[in-house]
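Visitor: Structure in C-alpha cells, see below.
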Amino acid sequence: MNEQDQKQETRLPIDRRDLLKAAGVSAAAVGAATFVGSPAQGQDLSDGADNFYTSDQVNVQKVTFKNQFQMDVAGNLFTPKRGGRRRRPAIVVGHPMGAVKEQSANLYATKMAEQGFATLSVDLSFWGGSEGEPRQSVLPDVYAETFSAAVDYLGTRRFVDRERIGAIGICGSGSFVISAAKLDPRIKAIATASMYDMGAVNRQGLNASQTLEQRKEILEAAAEQRYVEFEGGETLYTGGTVHELTEDTPEIQREFYDFYRTPRGEFTPAGSSPELTTHPTLSSNAKFMNFYPFNDIDTIAPRPLLFISGDQAHSREFSEDAYERAAEPKELVWIPGAGHVDLYDRVDLIPFDKLTDFFTEHLAA
C-alpha cells in the first residue's frame, strides 16, 4: 500500500455539534459479495428489546442482486417454512439511517415472514454488505433505488406474486421508501415506523431548531472537505451516534446510544469498525439538504400508506407531516408510551399485528 492509499484510508468520525462548534455557531438538535459482521456479545433483552430475534418458523438466505446502476445490493431473504415455496406476497424492509439490515430490519422481516410473507431486508447502497464507494456516502436517490432493486429481485422469484409486493421503511428508510414509491408503482403498499424525513432534519433540525446560518455553515464545511478528499486527504465522518456518554449528552443521543453502542443493537459489518458505524461521510451528508421525499406524496394514492410512530417519539413530527400531505387511503397509528428507538426492536411495542393486517388487506390476491 502506498502513502497516498494510506492517507485516503484514514478516517475520523466527528459529531455535527463539533462541526458547528468549530464553525463558531451553536448546535441544533440532530437525530440522526455479502459481508458478515458481528453483534456485541450478550444481547440486551431488557424492556422487550430483541433486535437479534431469530425464528425456527422461517428460512433465511443471504442474497445479492444488482440495482439499476449495476451495484451489488446485499439482503437477507426470509421465507416461511410452512406452505413451501408457493407464490405469496412479499415485503421489502429497509433499516434505519446509519444502520445496517442486522439492526431492526432483520427483526421486522423475520416477524412478517412468520405471518406468511416472503420478506427481504436490505442494506442501503454504500452501507453494510451493499456496494458503493466511498463507504457510508449519502446519495438519497440511490437509497431509494435500493427498494426498487429489491422489487426487481423479489418480482422475479417463482415463489413471489409480483403483483403483491409492499415495503416497510424504518427511521430514515421511511423517507427513502416513500421516495421510491412515488416513482415505482410496483410497490403496492407502504408502511413506515419511527420515520425521519432525512431532508428536513438536515435542513432545519428537529422542530425547525436549526437556523439558515447554521445550515450554511454545514454546507461550507462539506464543500471545503471536498477539496481535502479530492487531494487525497482524510475522509471525515459526521452525525451518527456518540461513542461515549457525558453529563452533557442530550437525551436524544442517549436514546440512540442505548441501541447502537450497547449489546442491545450494536453491530459492526465486516470491513468496518465500531468507530465508524452510524456515521455518514461529512462531504456527502450535505446531499440530504436537497432531498424532499414528501413533495408529491399524494401521487402515491390510491396505494395505501401506514405511518407508525411512538406518541413520545422525538421524530413524530415527520409522520404527522407525511400523513397530512398524503392522500387517502392513509393511516397514522400512535403507539402509547413509545419513543423513537423503541420501535426499532421492542417487540412488545412494535405493532406487528397491525402491520400483518395492513399488508394482508392491501396485498390480497
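The values are calculated or read from the model by the stated rules, or taken from the named source; none is laboratory data. Only a predicted model underlies this, so the values are computations on that prediction, with no experimental measurement involved. Glycine also receives a Cβ, built like all others from the backbone with ideal geometry; neighbour counts cover every protein chain displayed. Accessible surface is based on the protein model in full, side chains and every heavy atom, while ligands, DNA and RNA are left aside. Shrake-Rupley method; radii C 1.70, N 1.55, O 1.52, S 1.80 Å.
Visitor: Looking at the range 176-193, I want the residues that are farther than 20 Å from Y108 by Cα and hydrophobic (A, V, I, L, M, F, W, C) and have a partner that is modelled with pLDDT of 95 or more and surrounded by fewer than 24 Cβ atoms within 10 Å (Cβ to Cβ) with Cβ atoms under 8 Å, at least 6 apart or on another chain. Which pairs are those?
Guide: What qualifies is L183/S148.
Visitor: Follow-up question, since we're still on this one. Evaluate the following for G37: is it under 18 Å from the mean Cα position of the chain (by Cα) and modelled with pLDDT under 95?
Guide: When the stated conditions are applied, G37 passes them.
Visitor: Suppose we keep only residues that are assigned to a loop (DSSP other than H, G, I, E, B) and either among the hydrophobic types (A, V, I, L, M, F, W, C) or out of contact with any helix residue (DSSP H, G or I) (no Cβ under 7 Å at 6 or more places or on another chain) (or both) within the range 278-302. Which one would you say is surrounded by the most Cβ atoms within 10 Å (Cβ to Cβ)?
Guide: Ranking the qualifying residues of the range 278-302, first place goes to P280.
Visitor: If I ask for residues that are assigned to a loop (DSSP other than H, G, I, E, B) and loosely packed, with under 14 Cβ neighbours inside 10 Å, which ones from the range 303-328 would you list?
Guide: D311, A327, E328
Table: residues versus (1) over 20 Å from the mean Cα position of the chain (by Cα); (2) not in a strand (DSSP E or B).
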position	(1), (2)
Y153	no, yes
V177	no, yes
A180	no, yes
P185	yes, yes
A191	no, no
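Visitor: Over 19 Å from the mean Cα position of the chain (by Cα), at pLDDT 95 or above, of a type in the set (D, E, K, R) and part of a strand (DSSP E or B) - does that describe any residue in the range 72-82?
Guide: Among the residues of the range 72-82, not one is over 19 Å from the mean Cα position of the chain (by Cα), at pLDDT 95 or above, of a type in the set (D, E, K, R) and part of a strand (DSSP E or B), which makes the answer no.
Visitor: Name the residues in the range 148-183 that are open to solvent by 10 Å² or more (accessible area, probe 1.4 Å) and among the polar types (S, T, N, Q), would you?
Guide: S148, T156, S179
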